[in-house]
1. Can you report the number of residues in segment 474-505 which are surrounded by fewer than 16 Cβ atoms within 10 Å (Cβ to Cβ) and part of a helix (DSSP H, G or I)?
2. For residues that are surrounded by fewer than 18 Cβ atoms within 10 Å (Cβ to Cβ) and either over 28 Å from PRO244 (Cβ atoms) or modelled with pLDDT of 85 or more (or both), tally how many sit in segment 546-557.
3. Where residues in segment 114-168 are in a helix (DSSP H, G or I) and of a type in the set (Ser, Thr, Tyr), which of them is farthest from the chain's Cα centre (by Cα)?
4. Quick check on my filter: what residues within segment 249-273 are of a type outside the set (A, V, I, L, M) and within 28 Å of the chain's Cα centre (by Cα)?
5. Between a residue in segment 608-619 that is surrounded by 11 or more Cβ atoms within 10 Å (Cβ to Cβ) and any residue that is modelled with pLDDT of 85 or more, which pairs come within a Cβ distance under 8 Å, given they are 6 or more apart or on different chains?
6. Could you tell me which residue of segment 606-660 is modelled with the lowest pLDDT, considering only residues that are outside any helix (DSSP H, G or I) and within 30 Å of ARG591 (Cβ to Cβ)?
7. Could we say that VAL225 is touching a strand residue (DSSP E or B) at 6+ places or on another chain (Cβ under 6 Å) and under 22 Å from ILE530 (Cβ atoms) here?
8. Over 26 Å from ALA478 (Cα atoms), under 26 Å from the mean Cα position of the chain (by Cα), assigned to a helix (DSSP H, G or I) and not β-branched (Val, Ile, Thr) - does that describe any residue in segment 532-542?
Amino acid sequence: MTQRILAALALLALTAGSPAAALAADEGSGDTSLRIEQLDASQHPEVTLTVSVPSDLNGILLDESAFTVTEDGVVRDVTVEPVPTDNLEVVLVLDASGSMQGEPLDAAKDAAQAFLDVLPSTVQVAVVSFASSPRVLSEFTTDRAETSSAVSSIEVAGETALHDGVLAAAGLFQGRDPARRTIVLLSDGGDTVSAAPIEDAIDSLLGIDVSFIAVELQSPENDGVGIARMAAATDGSVVPAEDPQALADVFETIATQISNQYLVSYESDSYENTLLAVSVSAAGLTIVSEAPVRYPSAPTTPPTVDPTPTPTPTPITPADPTPERPPVDVMALRDGSVVSLAWYQTNRALLIGAAAVFLAIAGIVLLGGFTRRSGVNYGAASAMAERLRAGKKGALTSITQGASEFAERSLKGDRAQGLNNRLDRAGVAMRPGEFIVMAMSFALGAAAIGMLFHGIAAAAAAAVMTLLFFNWRLSAKAAKRNKKFAEQLPDALQLMSGSLRAGFGFVQAIATVGSEVASPCGDEFRRVKIETQLGKDIDEALAEMAVRVDSEDFKWIVEAIEIHREVGGDLAEILDTVTDTIRDRNSIRRRITALSAEGKISGVVLGGMPFVLAIVIMFLNPTYLQELLDSAMGIAMIVGGLVAMVIGIVWMRKITNLKF
């Protein structure tokens with residue numbers, strides 16, 4: 001659901017943005033995709049498109065007969081010319097930090113070689129790597145042997161100086177003749193040791209008019225916010241790669257896009273919102289790409305002035321004045337026993353209505369943000385990249401991002417790790433800073449409504465209750481996810497046992513569970529597989545998974561696996577025994593839950609009914625309960641009743657919360 005919401009937001013940002021903003025509308029994928037890379041409508045009605053054609057059409061010179069452009073179904077006459085590659089300059093920037101050790105770096109080198117093989121021989125290419133500091137491995141050259149040797153010489157060492165690496169790449173363009181400039185960046189983590197801030201890196205990219213393309217390799221250290229900021233500032237793009245094996249295809253696609261482009265020009269008769277369709281037909285292929293675009297508004301015609309003078313109206317004799325009505329207190333919610341309709345026309349009512357609309361919209365965002373993590377998703381980096389990739393950041397995006405970064409800096413040590421673990425355990429695809437900003441935004445909205453109704457005390461109470469709700473909601477989602485994991489665990493262990501008996505290795509058995517079992521159990525096992533592929537020890541990955549899922553049964557399984565790895569034995573038989581034990585425990589647990597369900601529902605109803613009745617009575621007849629609030633005896637009775645209710649709720653909870 002989160003991906004669908006982000007896709008819709010990206011489409012809205014695309015259609016509402018500048019006409020010259022880059023378009024990314026694909027029809028198909030892989031080698032049969034036609035991409036509208038850029039639309040220039042600054043000289044409307046003259047419009048120019050930059051189009052990338054599929055790699056299947058490499059080596060074929062296309063003309064006007066191969067392209068068809070329609071606007072809302074109307075065909076336009078076009079002129080076509082290929083974009084030359086002899087003035088194309090590309091800097092390949094590769095991450096060589098410690099997190100790229102092993103398979104990620106080998107896959108990155110292979111992908112870079114595939115990238116160089118696809119690029120035409122006339123393209124000037126330079127190579128830069130970065131770890132704790134950047135290194136220029138090769139200046140601009142068309143000698144592919146020299147460039148390949150530079151890529152092969154990359155070795156892993158140190159931290160991640162991402163910003164310094166981008167600055168070094170941008171510096172290679174300084175003093176060179178104007179050309180089509182492109183930076184292709186590969187990284188799997190956020191910046192950790194750069195001497196330059198991200199603002200300097202963005203300024204350097206803007207100063208050289210470069211096309212910025214980033215490939216974001218997903219990893220436990222992944223932090224795509226900085227990369228997404230640089231891409232958004234330069235109208236660039238961020239391409240996620242789920243695993244190292246996908247890098248070669250990603251780099252080949254990028255090489256095709258930047259080297260096989262055409263300029264398609266036509267005269268448009270459309271204004272404002274228009275559905276643009278571009279198709280290319282050649283070599284037996286017919287490929288279509290569509291995108292909604294927004295052109296400038298149609299020119300307005302000045303109104304015609306009627307020279308005929310307006311006749312003077314005949315004065316009307318006023319009627320007898322009606323008797324004055326007594327003044328109405330519009331700020332009162334009630335007029336005697338009737339609710340005052342005049343109150344709803346005041347500024348206070350408008351403010352409360354606006355706050356209610358804000359909370360309704362925020363509620364939709366909350367439901368989207370609280371959806372489970374699909375696959376292995378480390379934080380909200382991918383979601384943030386998708387939002388920023390759709391166009392330049394707006395003021396609201398900048399404020400939200402700045403607040404999130406401030407909240408993350410404010411969290412230190414165990415507090416940050418604890419909140420991140422809770423989000424991870426609940427399957428919430430958000431970073432700790434983003435969760436804090438969202439919770440505080442809701443709290444401020446609730447405080448504003450409370451201030452409008454009953455002043456500072458109500459505002460403070462509303463804010464505290466909102467924050468408590470977020471804390472409860474996060475715990476409830478974690479409990480629900482852990483419960484579902486416990487229900488899926490026996491089937492997962494049985495599948496793992498069967499895989500081991502079929503001759504699979506232990507890691508292959510884990511991969512089988514990750515691909516065959518539904519979320520959340522499948523997601524967690526798939527994450528363990530990826531962590532082991534990236535170099536983490538299998539025992540350590542399983543121990544961290546046991547902490548995340550907070551399952552006592554799974555902790556026993558991890559201990560059994562560790563003992564087996566030390567002393568040997570038939571692991572499949574051990575897993576079968578543990579599976580039978582867990583099934584019996586789950587059966588007993590479900591029986592206890594069924595027997596105690598009635599008592600739990602009774603506790604909820606009895607605990608909530610007094611508060612609901614008090615709110616209803618206060619709205620229908622405020623003076624009925626006023627005597628309790630105006631006397632010391634009444635306040636003492638309220639406090640005594642609340643204390644008794646708390647004792648009763650705790651007592652009922654202890655009775656119904658059975659353990660075995």
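The values are calculated or read from the model by the stated rules, or taken from the named source; none is laboratory data. Please read these numbers as outputs of a predicted model, since none were measured by experiment. Heads up, the Cβs are rebuilt from the backbone with ideal geometry, glycines too, and the neighbour counts pull from every protein chain shown.
1. Total satisfying the criteria: 8.
2. In the first step, residues of segment 546-557 are kept if they are surrounded by fewer than 18 Cβ atoms within 10 Å (Cβ to Cβ); the result is 547, 550, 552, 555-556.
Among the residues that remain, those that are also either over 28 Å from PRO244 (Cβ atoms) or modelled with pLDDT of 85 or more (or both) are: 550, 552, 555-556.
Total satisfying the criteria: 4.
3. Here the residue is SER149.
4. ASP249, PHE251, GLU252, THR253, THR256, GLN257, ASN273, listed by residue number.
5. PRO610/GLY641; PRO610/MET645
6. The residue in question is PHE660.
7. no
8. yes
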